[in-house]
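Participant: The following block contains the structure, expressed as structure tokens.
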């Protein structure tokens with residue numbers, strides 16, 4: 001069986017805001033292409049891509065899901081991604097597999113938070129985009145105004161490639177041969193001229209020909225090639241219209257995907273990186289869509305299947321992957337045999353014997369497979385895809401096992417959940433002595449806890465995590481401690497004098513070069529402290545860095561200089577200097593105007609415009625600083641930086657403030673000094689663990 005020609009492959013990632021209709025559109029396209037014999041519905045919970053129990057329970061896609069169809073010799077894989085902000089990482093994770101991102105926009109609701117985010121991210125990753133306006137059958141949808149908003153927001157590169165008919169039961173292709181019929185807005189001739197003018201701008205020869213002879217003089221293949229180039233260069237973002245509910249425009253969208261969307265030979269290739277044994281970049285390169293080249297595939301999703309276990313879903317970028325091949329996963333030194341290979345149709349598997357460039361396939365029962373793994377043909381190669389811009393999980397809950405008998409199961413269960421979701425992490429926070437699960441929002445973590453209970457039988461009690469402050473110093477100071485202990489026989493003796501100072505300038509650069517926020521300097525002279533005791537002093541100081549000096553939180557950005565001390569020929573031991581160094585450091589830090597640092601986050605809030613004043617006022621009460629705000633019709637957007645500690649319950653507060661209509665996303669920004677009153681409260685509540693002598 002010959003490997004499929006990459007020119008007959010299309011990979012489309014469907015993204016957009018929650019409720020825009022991505023899953024129903026996937027269902028409609030599969031049905032219109034003949035891949036299914038009936039239309040499923042969200043209400044009945046029988047769609048191809050929302051097949052999991054949790055998706056049915058919540059009424060939303062909670063992870064990306066794949067389906068495919070073959071039409072007119074073209075294999076099309078659709079990646080249906082979640083639209084909820086809490087699961088936005090799933091859409092980002094699928095971008096490396098996409099030849100084009102179809103951004104689905106609700107015809108009535110218009111541009112929403114996730115619309116902006118996925119459009120911006122796809123543009124940054126140099127992936128062609130198409131805007132799919134869904135719900136054209138809704139009588140209240142002002143389609144002409146929506147096109148204007150899309151062009152105002154995303155630029156004049158957004159141009160309709162078809163127009164809804166006057167009664168909205170179909171569409172008219174503005175590039176096709178048959179352009180007859182009345183439209184819901186605009187006229188076909190003007191729309192045709194707009195898109196031709198947009199496309200020919202990327203080819204000087206076509207532009208000259210167009211100016212001399214008009215659109216009729218242009219060769220259709222030349223226009224198609226220019227269309228592809230304009231897509232690749234982000235000089236064109238086609239707008240097309242459809243109704244997933246009635247099927248209006250579905251056949252036209254299938255035609256556009258086949259005839260206009262890029263194949264793996266035409267789209268922009270992903271960038272891979274080769275690293276040396278120390279993890280340093282050696283070179284960047286782009287794979288070739290050539291079946292004869294060495295294998296290069298990328299795992300963009302890991303999932304659990306109730307029947308076959310762990311699945312690794314990958315796109316083949318170069319070479320050929322066959323059943324029974326022995327390949328390498330990531331940095332694995334031993335080859336792994338591929339015993340199964342299949343395409344996904346929701347929860348169902350379609351076996352294949354091989355996959356070539358551009359194809360998306362899955363393998364099962366391979367323990368070494370992880371998210372973002374590169375699958376390749378040669379041992380001792382350290383390869384990775386250019387790192388993805390995944391959102392950083394900032395929303396957290398502290399957890400404790402409800403049943404301590406589950407302790408042995410907890411770690412493996414968390415590892416499996418993390419493998420499936422790159423935006424779900426677990427922190428064991430030494431500063432607060434808590435185990436904290438972090439995700440992109442309250443619903444994200446709620447779903448993960450449901451999975452933990454349903455799949456692994458583990459229940460946890462949750463509470464709001466303590467803020468992971470950091471400690472530092474803001475002035476220079478000296479510290480001293482003499483450790484002397486005599487209890488019969490050999491005693492313990494060590495005396496240390498040291499200075500502390502804020503770490504900055506060249507010292508900070510030197511520390512950061514070693515991955516540190518701390519610099520230790522031996523400035524003693526004349527042998528006041530023998531060299532063999534310096535590591536013990538540094539070890540004691542590092543213990544204090546972990547335990548804190550004023551409130552029990554880790555310390556950072558401090559330079560320590562040991563300049564004097566005393567020792568005893570018999571009684572001086574490493575343990576004595578460890579304790580003396582630790583106490584001298586704490587003594588100096590308490591004199592050096594210590595300060596608490598707290599994490600600040602960037603937060604973007606989207607809500608109906610009527611709530612803009614309430615949102616900005618509320619953020620101000622949380623010590624937030626508004627950086628930007630914008631009103632776009634009936635919606636508003638507010639960007640601010642604020643302390644993470646003040647946003648611990650923001651999901652519920654925003655829901656109450658906007659009657660459930662607001663949403664937000666946040667990401668770590670930086671650390672800032674806490675106000676004096678906050679620092680005083682935290683320090684007063686600190687209960688040190690007493691003397692360590």
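The values are calculated or read from the model by the stated rules, or taken from the named source; none is laboratory data. A quick note: this is a predicted structure, and the numbers were derived from the prediction, not measured. Because the Cβ atoms are built from the backbone with ideal geometry, glycine has one as well, and the counts that use them run over all protein chains shown.
Participant: What is the residue count in the range 364-420 for residues that are part of a helix (DSSP H, G or I) and either within 30 Å of residue 644 (Cβ to Cβ) or at pLDDT below 90 (or both)?
Facilitator: 14
Participant: Another question, if that's okay. Does residue 449 satisfy being outside the structural domain of residue 535 (by TED's automatic domain parsing) and either farther than 30 Å from residue 596 by Cβ or at pLDDT 95 or above (or both)?
Facilitator: Values: outside the structural domain of residue 535 (by TED's automatic domain parsing): yes; either farther than 30 Å from residue 596 by Cβ or at pLDDT 95 or above (or both): yes.
Spelling it out, residue 449 is indeed outside the structural domain of residue 535 (by TED's automatic domain parsing) and either farther than 30 Å from residue 596 by Cβ or at pLDDT 95 or above (or both).
Participant: Would the range 628-644 turn up any residue that is outside the structural domain of residue 83 (by TED's automatic domain parsing) and in a helix (DSSP H, G or I)?
Facilitator: The initial filter retains those residues of the range 628-644 that are outside the structural domain of residue 83 (by TED's automatic domain parsing), namely 628-644.
The next check asks that each one be in a helix (DSSP H, G or I); those that pass are 644.
Yes - at least one qualifying residue is present in the range 628-644.
Participant: Also, I was wondering about something else. Among the listed residues 308, 302, 316, which satisfies the condition of being under 23 Å from the mean Cα position of the chain (by Cα) and closer than 20 Å to residue 416 by Cα?
Facilitator: Details: 308 fails: under 23 Å from the mean Cα position of the chain (by Cα); 316 fails: closer than 20 Å to residue 416 by Cα.
Just one listed residue meets the conditions, 302.
Participant: When you check residue 186 against the structure, is it over 30 Å from residue 19 (Cα atoms) and assigned to a loop (DSSP other than H, G, I, E, B), yes or no? Give the steps one after another, and end with the answer.
Facilitator: Numbers: over 30 Å from residue 19 (Cα atoms): no; assigned to a loop (DSSP other than H, G, I, E, B): yes.
Here the answer is no, as residue 186 does not meet what is asked.
Participant: Which of the numbered conditions does residue 646 fail, given that it passes all the others? Conditions: (1) touching a residue at least 60 places away in the same chain (Cβ under 8 Å); (2) surrounded by 15 or more Cβ atoms within 10 Å (Cβ to Cβ); (3) under 21 Å from residue 436 (Cα atoms); (4) under 24 Å from the mean Cα position of the chain (by Cα).
Facilitator: (1)
Participant: How many of the residues making up the range 551-561 are surrounded by fewer than 21 Cβ atoms within 10 Å (Cβ to Cβ) and either without any contact (Cβ under 8 Å) to a residue 24 or more places away in the chain or more than 36 Å from the chain's Cα centre (by Cα) (or both)?
Facilitator: Number satisfying all stated conditions: 1.
Participant: Looking at the range 668-680, is at least one residue assigned to a loop (DSSP other than H, G, I, E, B), at pLDDT below 90, closer than 30 Å to residue 609 by Cα and under 22 Å from the mean Cα position of the chain (by Cα)? Walk me through it before giving the result.
Facilitator: Kept after step one, since they are assigned to a loop (DSSP other than H, G, I, E, B), are these residues of the range 668-680: 674-675.
Filter once more, so that each one left must be at pLDDT below 90: none.
Among the residues of the range 668-680, not one is assigned to a loop (DSSP other than H, G, I, E, B), at pLDDT below 90, closer than 30 Å to residue 609 by Cα and under 22 Å from the mean Cα position of the chain (by Cα), which makes the answer no.
Participant: Within the range 46-65, how many residues turn out to be at pLDDT below 90 and not in a loop (DSSP other than H, G, I, E, B)?
Facilitator: Here the count works out to 6.
Participant: Are there helices (runs of 4 or more DSSP H) fully within the range 193-303 with at least 3 residues that are surrounded by 18 or more Cβ atoms within 10 Å (Cβ to Cβ) and at pLDDT 95 or above? List them.
Facilitator: Details: elements: 204-213, 220-232, 250-259.
Output list reads 250-259.
Participant: Working only within the range 417-463, note down all residues that are out of contact with any strand residue (DSSP E or B) (no Cβ under 7 Å at 6 or more places or on another chain) and surrounded by fewer than 18 Cβ atoms within 10 Å (Cβ to Cβ).
Facilitator: 430, 432, 433, 446, 450, 453, 454, 455, 456, 457, 459
Participant: Has the range 11-29 got at least one residue that is over 26 Å from residue 113 (Cβ atoms) and in contact with a helix residue (DSSP H, G or I) (Cβ under 7 Å, 6 or more places away or on another chain)? Reasoning before the result, please.
Facilitator: At the first step, the residues of the range 11-29 found to be over 26 Å from residue 113 (Cβ atoms) are none.
Taking every residue of the range 11-29 in turn, none turns out to be over 26 Å from residue 113 (Cβ atoms) and in contact with a helix residue (DSSP H, G or I) (Cβ under 7 Å, 6 or more places away or on another chain).
Participant: Tally the residues that are surrounded by 15 or more Cβ atoms within 10 Å (Cβ to Cβ) and in contact with a helix residue (DSSP H, G or I) (Cβ under 9 Å, 6 or more places away or on another chain), restricting the search to the range 627-642.
Facilitator: Counting residues in the range 627-642 that are surrounded by 15 or more Cβ atoms within 10 Å (Cβ to Cβ) and in contact with a helix residue (DSSP H, G or I) (Cβ under 9 Å, 6 or more places away or on another chain) gives 7.
Participant: Which of the residues that make up the range 491-515 are loosely packed, with under 12 Cβ neighbours inside 10 Å and part of a loop (DSSP other than H, G, I, E, B)?
Facilitator: Applying the first criterion (loosely packed, with under 12 Cβ neighbours inside 10 Å) to the range 491-515 yields 504-506, 509, 513-515.
Result: 504, 514, 515.
Participant: Across the range 649-663, which residue is modelled with the lowest pLDDT among those that are in contact with a helix residue (DSSP H, G or I) (Cβ under 8 Å, 6 or more places away or on another chain) and surrounded by fewer than 20 Cβ atoms within 10 Å (Cβ to Cβ)?
Facilitator: 661
Participant: Give the range 335-348 a look and list any residue that's touching a residue at least 24 places away in the same chain (Cβ under 8 Å) and either in the same structural domain as residue 79 (by TED's automatic domain parsing) or assigned to a loop (DSSP other than H, G, I, E, B) (or both), or say none. Spell out the reasoning first.
Facilitator: The initial filter retains those residues of the range 335-348 that are touching a residue at least 24 places away in the same chain (Cβ under 8 Å), namely 335-336, 338-340, 343-347.
Hits for the range 335-348 are 335, 338, 339, 340, 346, 347.
Participant: Would you check which residues across the range 605-614 are surrounded by 18 or more Cβ atoms within 10 Å (Cβ to Cβ), part of a helix (DSSP H, G or I) and touching a helix residue (DSSP H, G or I) at 6+ places or on another chain (Cβ under 7 Å) and list them?
Facilitator: Our first condition is that a residue be surrounded by 18 or more Cβ atoms within 10 Å (Cβ to Cβ); within the range 605-614, this holds for 605-607, 611-612.
Okay, now just the ones that are also part of a helix (DSSP H, G or I), so 611-612.
The one that is surrounded by 18 or more Cβ atoms within 10 Å (Cβ to Cβ), part of a helix (DSSP H, G or I) and touching a helix residue (DSSP H, G or I) at 6+ places or on another chain (Cβ under 7 Å): 611.
Participant: On to the next question. Evaluate the following for residue 482: is it part of a strand (DSSP E or B), closer than 30 Å to residue 675 by Cβ and not assigned by TED's automatic domain parsing to the domain that holds residue 604?
Facilitator: Numbers: part of a strand (DSSP E or B): yes; closer than 30 Å to residue 675 by Cβ: no; not assigned by TED's automatic domain parsing to the domain that holds residue 604: yes.
The answer is no for residue 482.
Participant: Moving on to the next point. Restrict the check to the range 123-137 and report whether at least one residue is in contact (Cβ under 8 Å) with a residue 12 or more places away in the chain and over 30 Å from residue 440 (Cβ atoms). Spell out the reasoning first.
Facilitator: Narrowing the range 123-137 to residues in contact (Cβ under 8 Å) with a residue 12 or more places away in the chain: 123-137.
Checking which are over 30 Å from residue 440 (Cβ atoms) leaves us with 136-137.
Yes, the conditions are met somewhere in the range 123-137.
Participant: Only one of (1) part of a helix (DSSP H, G or I); (2) crowded, with 24+ Cβ neighbours inside 10 Å; (3) over 15 Å from the mean Cα position of the chain (by Cα) fails for residue 114. Which number is that?
Facilitator: Result: residue 114 fails condition (3) only.
Participant: Then there is this: What single numbered condition from (1) outside any helix (DSSP H, G or I); (2) more than 21 Å from residue 10 (Cβ to Cβ) fails to hold for residue 151?
Facilitator: Looking at each condition in turn, residue 151 falls short on (1).
Participant: Check the range 66-85 and report whether any residue there is assigned by TED's automatic domain parsing to the domain that holds residue 229, in a helix (DSSP H, G or I) and either buried (at least 24 other Cβ atoms within 10 Å of the Cβ) or in contact with a strand residue (DSSP E or B) (Cβ under 7 Å, 6 or more places away or on another chain) (or both). It would help to see each step written out before you state the result.
Facilitator: First pass over the range 66-85, keeping only residues assigned by TED's automatic domain parsing to the domain that holds residue 229: 66-85.
Then keep just the ones that are in a helix (DSSP H, G or I); that gives 85.
Going one step further and asking which of them are either buried (at least 24 other Cβ atoms within 10 Å of the Cβ) or in contact with a strand residue (DSSP E or B) (Cβ under 7 Å, 6 or more places away or on another chain) (or both), we end up with 85.
Looking through the range 66-85, at least one residue is assigned by TED's automatic domain parsing to the domain that holds residue 229, in a helix (DSSP H, G or I) and either buried (at least 24 other Cβ atoms within 10 Å of the Cβ) or in contact with a strand residue (DSSP E or B) (Cβ under 7 Å, 6 or more places away or on another chain) (or both).
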